[in-house]
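The structure appears right after this line, and notes come after that.
The values are calculated or read from the model by the stated rules, or taken from the named source; none is laboratory data. Keep in mind that this is a model prediction, so the values were computed, not measured. Cβ atoms come from the backbone with ideal geometry, glycine included; neighbour counts cover every protein chain shown.
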Amino acid sequence: MSKKYRSVFSPSTAQERKENFESYWEFTQRHGGELFEDDKDLAVKRERLKYFKDNPVKLRKPLVDPEAFYRNYIEVQDDPATLDRMTLMMTCMYKFARHEWVGIKGAWDVVPDMANSHTIEDKISRVHLAEEFCHVRLFDEILRTFGLNKVEWVPLSPWKEKVYEQFPKLPGFLMDTPAFVTELMGVTFYCHLHALFDDILADEPEVLERVKALLDEITIDEMAHVGQRRNFIGPIGIKISEALVSPFYKMFFNDMPEFDHLFDVQQMIKDGQEFDFNNVPEHMIERSWIPSYCKI
Ligand SMILES: [Fe+2]
Ligand SMILES: [Fe+2]
(Lines give C-alpha, C1' and ligand atoms only; values in the text may rest on other atoms or scores of the structure.)
(Ligands and ions follow the chains in the order given, each with its own letter.)
Protein backbone atom coordinates (compact mmCIF):
# COMPACT_ATOMS: atom_id res chain seq x y z
CA MET A 1 0.00 0.00 0.00
CA SER A 2 1.40 3.37 -0.95
CA LYS A 3 1.88 5.84 1.86
CA LYS A 4 -0.48 8.77 2.16
CA TYR A 5 1.32 10.72 4.84
CA ARG A 6 4.81 11.93 5.70
CA SER A 7 6.59 11.86 9.04
CA VAL A 8 5.23 14.28 11.63
CA PHE A 9 8.80 15.65 11.78
CA SER A 10 8.65 16.70 8.10
CA PRO A 11 9.81 20.25 7.34
CA SER A 12 7.37 23.12 6.83
CA THR A 13 7.62 26.79 5.88
CA ALA A 14 6.38 29.72 7.95
CA GLN A 15 3.70 30.38 5.32
CA GLU A 16 2.52 26.75 5.46
CA ARG A 17 2.28 26.92 9.23
CA LYS A 18 0.25 30.13 9.07
CA GLU A 19 -2.23 28.52 6.66
CA ASN A 20 -2.35 25.39 8.78
CA PHE A 21 -3.27 27.35 11.90
CA GLU A 22 -6.21 28.76 9.95
CA SER A 23 -7.21 25.32 8.76
CA TYR A 24 -6.90 23.86 12.29
CA TRP A 25 -8.97 26.67 13.78
CA GLU A 26 -11.77 25.92 11.33
CA PHE A 27 -11.51 22.21 12.08
CA THR A 28 -11.50 22.55 15.87
CA GLN A 29 -14.61 24.76 16.00
CA ARG A 30 -16.52 22.22 13.92
CA HIS A 31 -15.09 19.28 15.83
CA GLY A 32 -15.78 20.48 19.38
CA GLY A 33 -18.75 22.79 18.87
CA GLU A 34 -19.57 25.57 21.28
CA LEU A 35 -17.06 26.23 24.08
CA PHE A 36 -18.56 26.39 27.58
CA GLU A 37 -15.79 28.27 29.28
CA ASP A 38 -17.24 28.13 32.83
CA ASP A 39 -17.53 24.35 32.60
CA LYS A 40 -14.25 23.83 30.69
CA ASP A 41 -16.35 21.84 28.25
CA LEU A 42 -17.37 21.63 24.57
CA ALA A 43 -20.86 20.99 23.19
CA VAL A 44 -20.07 18.06 20.87
CA LYS A 45 -17.90 16.31 23.47
CA ARG A 46 -20.53 16.83 26.13
CA GLU A 47 -23.13 15.16 23.90
CA ARG A 48 -20.84 12.20 23.24
CA LEU A 49 -20.13 11.67 26.91
CA LYS A 50 -23.86 11.92 27.68
CA TYR A 51 -24.55 9.19 25.13
CA PHE A 52 -22.03 6.88 26.82
CA LYS A 53 -23.40 7.65 30.29
CA ASP A 54 -27.01 7.13 29.17
CA ASN A 55 -26.14 3.75 27.65
CA PRO A 56 -23.84 2.13 30.19
CA VAL A 57 -22.28 -1.30 29.74
CA LYS A 58 -20.92 -3.51 32.49
CA LEU A 59 -18.35 -6.24 32.88
CA ARG A 60 -19.86 -9.74 32.50
CA LYS A 61 -17.67 -10.77 35.41
CA PRO A 62 -17.19 -7.91 37.91
CA LEU A 63 -13.67 -7.14 39.16
CA VAL A 64 -12.58 -9.71 41.70
CA ASP A 65 -10.74 -7.23 43.89
CA PRO A 66 -11.57 -3.57 43.21
CA GLU A 67 -9.78 -2.69 46.46
CA ALA A 68 -6.51 -3.64 44.76
CA PHE A 69 -7.15 -0.72 42.40
CA TYR A 70 -8.14 1.75 45.11
CA ARG A 71 -5.13 0.77 47.23
CA ASN A 72 -2.65 1.34 44.39
CA TYR A 73 -4.02 3.94 42.00
CA ILE A 74 -2.52 7.05 43.54
CA GLU A 75 0.74 5.47 44.73
CA VAL A 76 1.58 1.82 44.14
CA GLN A 77 1.58 0.18 47.58
CA ASP A 78 1.83 -3.48 46.55
CA ASP A 79 4.60 -5.10 44.54
CA PRO A 80 3.36 -4.59 40.95
CA ALA A 81 4.43 -8.16 40.12
CA THR A 82 1.74 -9.42 42.52
CA LEU A 83 -1.07 -7.42 40.86
CA ASP A 84 -3.18 -8.76 38.00
CA ARG A 85 -2.80 -7.10 34.59
CA MET A 86 -6.32 -5.69 34.62
CA THR A 87 -5.61 -3.78 37.85
CA LEU A 88 -2.22 -2.63 36.55
CA MET A 89 -3.80 -1.43 33.34
CA MET A 90 -6.36 0.62 35.23
CA THR A 91 -3.90 2.21 37.66
CA CYS A 92 -1.63 3.02 34.71
CA MET A 93 -4.46 4.69 32.80
CA TYR A 94 -5.40 6.72 35.86
CA LYS A 95 -1.83 7.92 36.31
CA PHE A 96 -1.45 8.96 32.71
CA ALA A 97 -4.74 10.85 32.78
CA ARG A 98 -3.89 12.40 36.14
CA HIS A 99 -0.71 13.95 34.77
CA GLU A 100 -2.71 15.33 31.89
CA TRP A 101 -5.29 16.76 34.30
CA VAL A 102 -2.64 18.42 36.48
CA GLY A 103 -0.96 19.97 33.42
CA ILE A 104 -4.17 21.47 32.04
CA LYS A 105 -5.43 22.65 35.41
CA GLY A 106 -2.25 24.72 35.76
CA ALA A 107 -2.48 26.01 32.19
CA TRP A 108 -6.19 26.91 32.20
CA ASP A 109 -5.65 29.74 34.68
CA VAL A 110 -2.64 31.27 32.95
CA VAL A 111 -3.55 31.21 29.23
CA PRO A 112 -5.95 33.94 28.03
CA ASP A 113 -9.65 33.05 28.08
CA MET A 114 -11.57 33.27 24.80
CA ALA A 115 -12.64 36.89 25.36
CA ASN A 116 -8.97 37.84 25.75
CA SER A 117 -7.62 35.65 22.94
CA HIS A 118 -6.66 37.96 20.12
CA THR A 119 -4.64 35.65 17.91
CA ILE A 120 -5.71 32.46 16.21
CA GLU A 121 -3.01 30.59 18.18
CA ASP A 122 -4.46 31.81 21.50
CA LYS A 123 -7.97 30.74 20.48
CA ILE A 124 -6.71 27.34 19.38
CA SER A 125 -4.90 26.90 22.71
CA ARG A 126 -8.03 27.73 24.70
CA VAL A 127 -10.16 25.15 22.89
CA HIS A 128 -7.30 22.66 23.09
CA LEU A 129 -7.31 22.92 26.89
CA ALA A 130 -11.09 22.50 27.08
CA GLU A 131 -10.69 19.34 24.99
CA GLU A 132 -8.13 18.01 27.45
CA PHE A 133 -10.61 18.47 30.30
CA CYS A 134 -13.06 16.39 28.25
CA HIS A 135 -10.41 13.65 28.07
CA VAL A 136 -10.23 13.44 31.84
CA ARG A 137 -14.03 12.98 31.89
CA LEU A 138 -13.74 10.27 29.24
CA PHE A 139 -11.04 8.49 31.25
CA ASP A 140 -13.23 8.73 34.31
CA GLU A 141 -15.99 7.09 32.26
CA ILE A 142 -13.60 4.31 31.14
CA LEU A 143 -12.85 3.55 34.80
CA ARG A 144 -16.59 3.61 35.62
CA THR A 145 -17.16 1.06 32.86
CA PHE A 146 -14.97 -1.28 34.92
CA GLY A 147 -17.21 -0.58 37.93
CA LEU A 148 -14.77 1.90 39.50
CA ASN A 149 -17.04 4.79 40.43
CA LYS A 150 -15.17 6.09 43.47
CA VAL A 151 -12.12 7.42 41.62
CA GLU A 152 -10.86 10.77 42.87
CA TRP A 153 -8.73 13.12 40.81
CA VAL A 154 -5.98 13.99 43.24
CA PRO A 155 -3.41 16.80 42.75
CA LEU A 156 0.31 15.92 42.64
CA SER A 157 2.68 16.99 45.44
CA PRO A 158 2.69 20.82 45.85
CA TRP A 159 6.08 21.34 44.18
CA LYS A 160 5.16 19.19 41.18
CA GLU A 161 1.92 21.18 40.83
CA LYS A 162 4.05 24.36 40.86
CA VAL A 163 6.25 23.04 38.04
CA TYR A 164 3.17 22.30 35.92
CA GLU A 165 1.81 25.79 36.64
CA GLN A 166 5.02 27.46 35.46
CA PHE A 167 5.27 25.47 32.23
CA PRO A 168 2.66 27.37 30.15
CA LYS A 169 4.26 30.69 31.15
CA LEU A 170 7.52 29.77 29.39
CA PRO A 171 8.28 31.54 26.11
CA GLY A 172 7.30 29.61 22.98
CA PHE A 173 10.83 28.62 21.96
CA LEU A 174 11.21 26.68 25.22
CA MET A 175 7.65 25.42 25.59
CA ASP A 176 6.69 24.39 22.05
CA THR A 177 8.98 21.39 21.58
CA PRO A 178 8.18 19.61 24.88
CA ALA A 179 4.48 20.41 24.39
CA PHE A 180 4.58 18.75 20.97
CA VAL A 181 6.49 15.70 22.20
CA THR A 182 4.03 15.32 25.09
CA GLU A 183 1.11 15.17 22.65
CA LEU A 184 2.99 12.64 20.54
CA MET A 185 3.63 10.57 23.66
CA GLY A 186 -0.12 10.66 24.35
CA VAL A 187 -0.98 9.26 20.92
CA THR A 188 1.69 6.56 21.22
CA PHE A 189 0.42 5.56 24.65
CA TYR A 190 -3.22 5.43 23.50
CA CYS A 191 -2.35 3.25 20.49
CA HIS A 192 -0.55 0.78 22.74
CA LEU A 193 -3.38 0.93 25.27
CA HIS A 194 -5.85 0.13 22.49
CA ALA A 195 -3.89 -3.05 21.70
CA LEU A 196 -3.71 -3.92 25.40
CA PHE A 197 -7.52 -3.67 25.67
CA ASP A 198 -7.82 -6.40 23.00
CA ASP A 199 -5.47 -8.57 24.97
CA ILE A 200 -6.86 -8.08 28.49
CA LEU A 201 -10.56 -7.80 27.64
CA ALA A 202 -10.85 -10.75 25.25
CA ASP A 203 -13.60 -12.29 27.47
CA GLU A 204 -15.49 -9.02 27.87
CA PRO A 205 -16.69 -8.08 24.36
CA GLU A 206 -19.20 -5.39 25.40
CA VAL A 207 -16.77 -3.59 27.69
CA LEU A 208 -14.01 -4.00 25.12
CA GLU A 209 -16.09 -2.30 22.47
CA ARG A 210 -17.15 0.49 24.84
CA VAL A 211 -13.71 1.34 26.24
CA LYS A 212 -12.29 1.34 22.72
CA ALA A 213 -15.00 3.78 21.65
CA LEU A 214 -14.22 6.01 24.65
CA LEU A 215 -10.49 5.82 23.96
CA ASP A 216 -11.02 6.57 20.25
CA GLU A 217 -12.78 9.81 21.20
CA ILE A 218 -9.61 10.82 23.02
CA THR A 219 -7.15 9.56 20.40
CA ILE A 220 -8.89 11.40 17.53
CA ASP A 221 -8.40 14.68 19.42
CA GLU A 222 -4.85 13.82 20.39
CA MET A 223 -3.86 13.09 16.82
CA ALA A 224 -5.14 16.52 15.84
CA HIS A 225 -3.20 17.99 18.79
CA VAL A 226 -0.01 16.34 17.54
CA GLY A 227 -0.39 18.12 14.20
CA GLN A 228 -1.46 21.37 15.81
CA ARG A 229 1.46 21.46 18.30
CA ARG A 230 3.84 20.45 15.51
CA ASN A 231 2.60 23.51 13.65
CA PHE A 232 4.05 25.82 16.33
CA ILE A 233 7.57 24.55 15.54
CA GLY A 234 10.12 25.79 13.02
CA PRO A 235 13.08 24.01 11.38
CA ILE A 236 15.42 23.93 14.42
CA GLY A 237 12.71 23.08 16.92
CA ILE A 238 11.59 20.09 14.89
CA LYS A 239 15.10 18.58 15.09
CA ILE A 240 15.12 19.19 18.84
CA SER A 241 11.71 17.53 19.15
CA GLU A 242 12.91 14.42 17.38
CA ALA A 243 15.85 14.20 19.77
CA LEU A 244 13.55 14.68 22.76
CA VAL A 245 11.28 11.70 22.03
CA SER A 246 13.47 9.05 23.64
CA PRO A 247 14.50 10.93 26.85
CA PHE A 248 10.98 12.28 27.31
CA TYR A 249 9.19 8.96 26.97
CA LYS A 250 11.73 7.28 29.27
CA MET A 251 11.51 9.98 31.92
CA PHE A 252 7.73 9.91 31.96
CA PHE A 253 7.17 6.16 31.86
CA ASN A 254 9.97 5.31 34.31
CA ASP A 255 7.93 7.19 36.88
CA MET A 256 5.20 4.51 36.71
CA PRO A 257 6.18 1.20 38.29
CA GLU A 258 3.36 -0.68 36.52
CA PHE A 259 4.50 0.41 33.10
CA ASP A 260 7.15 -2.23 32.43
CA HIS A 261 4.66 -4.96 33.29
CA LEU A 262 2.29 -3.89 30.53
CA PHE A 263 4.12 -2.06 27.77
CA ASP A 264 7.24 -2.14 25.64
CA VAL A 265 8.78 1.31 26.16
CA GLN A 266 11.43 0.78 23.44
CA GLN A 267 8.70 0.03 20.90
CA MET A 268 6.79 3.12 22.02
CA ILE A 269 9.87 5.29 21.50
CA LYS A 270 10.35 3.80 18.04
CA ASP A 271 6.67 4.39 17.21
CA GLY A 272 7.00 7.99 18.38
CA GLN A 273 10.12 8.63 16.32
CA GLU A 274 8.53 7.08 13.22
CA PHE A 275 5.04 8.52 13.62
CA ASP A 276 3.48 9.44 10.29
CA PHE A 277 -0.35 8.86 10.52
CA ASN A 278 -0.24 5.97 8.00
CA ASN A 279 -1.31 3.35 10.56
CA VAL A 280 -4.26 5.33 11.83
CA PRO A 281 -7.61 3.77 10.81
CA GLU A 282 -9.56 5.73 8.20
CA HIS A 283 -12.61 6.32 10.44
CA MET A 284 -10.33 8.17 12.86
CA ILE A 285 -8.47 10.14 10.19
CA GLU A 286 -11.84 11.38 8.90
CA ARG A 287 -12.68 12.96 12.25
CA SER A 288 -9.18 14.26 12.99
CA TRP A 289 -6.79 16.81 11.47
CA ILE A 290 -3.38 16.45 9.81
CA PRO A 291 -1.08 19.32 8.74
CA SER A 292 -0.97 19.82 4.95
CA TYR A 293 2.82 19.34 4.88
CA CYS A 294 2.40 15.83 6.36
CA LYS A 295 0.18 14.79 3.44
CA ILE A 296 1.71 13.34 0.28
FE1 LIG B 1 -5.65 14.59 26.09
FE1 LIG C 1 -3.69 16.59 23.77
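Table for the structure above
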{"quantity": "Criterion (closer than 25 Å to Met114 by Cα and either in a strand (DSSP E or B) or of a type outside the set (Val, Ile, Thr) (or both)) met by exactly one of Arg60, Arg71, Arg46", "calculated": "Arg46"}
{"quantity": "Tally, over region 223-254, of residues that are within 20 Å of the chain's Cα centre (by Cα) and free of Cβ contacts under 8 Å to residues at least 40 places away in the same chain", "calculated": "6"}
{"quantity": "So Ala43, is it free of Cβ contacts under 8 Å to residues at least 60 places away in the same chain, buried (at least 18 other Cβ atoms within 10 Å of the Cβ), of a type in the set (Gly, Ala, Ser) and farther than 25 Å from Tyr164 by Cα", "calculated": "no"}
{"quantity": "Members of region 99-147 found to be outside any helix (DSSP H, G or I) and either away from ligand 2 (no atom under 16 Å from the Cβ) or under 17 Å from Gly186 (Cβ atoms) (or both), listed by number", "calculated": "Asp109, Val110, Pro112, Asp113, Ser117, His118, Thr119, Phe146, Gly147"}
{"quantity": "Qualifying residue in region 277-293 (condition: in contact (Cβ under 8 Å) with a residue 60 or more places away in the chain and in contact with a Leu (Cβ under 9 Å, 6 or more places away or on another chain))", "calculated": "no"}
{"quantity": "Subset tally (residues that are of a type outside the set (Asp, Glu) and farther than 30 Å from Gly172 by Cα) for region 66-122", "calculated": "22"}
{"quantity": "Sole residue being at pLDDT 95 or above, within 16 Å of ligand 1 (Cβ to nearest atom), within 21 Å of His192 (Cα to Cα) and under 15 Å from the mean Cα position of the chain (by Cα), chosen from Val136, Val127", "calculated": "Val136"}
{"quantity": "Only listed residue being among the β-branched types (Val, Ile, Thr), surrounded by 12 or more Cβ atoms within 10 Å (Cβ to Cβ) and closer than 15 Å to Gly32 by Cβ, chosen from Val163, Val111, Val151, Val127", "calculated": "Val127"}
{"quantity": "Which numbered condition Met86 misses (of (1) in contact with a helix residue (DSSP H, G or I) (Cβ under 6 Å, 6 or more places away or on another chain); (2) within 16 Å of ligand 2 (Cβ to nearest atom))", "calculated": "(2)"}
{"quantity": "Check on Arg210, on the phi < 0 side of the Ramachandran plot, surrounded by 17 or more Cβ atoms within 10 Å (Cβ to Cβ) and touching a residue at least 60 places away in the same chain (Cβ under 8 Å)", "calculated": "yes"}
{"quantity": "Region 1-42, residues that are assigned to a helix (DSSP H, G or I) and β-branched (Val, Ile, Thr)", "calculated": "Thr28"}
{"quantity": "Within region 65-104, considering residues that are touching a residue at least 60 places away in the same chain (Cβ under 8 Å) and of a type in the set (Val, Ile, Thr), the one surrounded by the most Cβ atoms within 10 Å (Cβ to Cβ)", "calculated": "Thr91"}
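Okay, residues lined up against (1) within 16 Å of ligand 1 (Cβ to nearest atom); (2) not β-branched (Val, Ile, Thr):
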site	(1), (2)
Tyr164	yes, yes
Thr177	no, no
Phe189	yes, yes
Glu206	no, yes
Val226	yes, no
